[in-house]
């Protein structure tokens, strides 16, 4: 399991890509909490989409799990 804090550090993502190519492990991103604008979950969704586009060979390994509800639930689901 790899823990990444919020934000995209391209060097760290590149290191993860190298390790993931030789591993069968999923790269799962999780969010637990209230889905409100100040939480930035919409940014997390965009970051996961960015990673899937940037590293198409890892597309099936990169997962996002969101546990929570709130005002932005419908937006996040879209």
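The values are calculated or read from the model by the stated rules, or taken from the named source; none is laboratory data. Remember, it's a predicted structure, so these values are computed and weren't measured experimentally. For neighbour counting, all protein chains shown are included, and Cβ atoms are generated from backbone atoms with ideal geometry for every residue, glycine included.
Listing for the model above:
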| item | result |
| --- | --- |
| Filter result (under 20 Å from residue 38 (Cβ atoms) and surrounded by 15 or more Cβ atoms within 10 Å (Cβ to Cβ)) within region 53-69 | 64, 66, 68 |
| Breaking point among (1) under 18 Å from residue 78 (Cβ atoms); (2) assigned to a loop (DSSP other than H, G, I, E, B), for residue 46 | (2) |
| Residues (in contact with a helix residue (DSSP H, G or I) (Cβ under 9 Å, 6 or more places away or on another chain) and assigned to a helix (DSSP H, G or I)) located in region 51-78 | 51, 52, 54, 57, 58, 75, 76 |
| Within region 9-39, considering residues that are surrounded by 13 or more Cβ atoms within 10 Å (Cβ to Cβ) and closer than 13 Å to residue 68 by Cα, the one modelled with the lowest pLDDT | 31 |
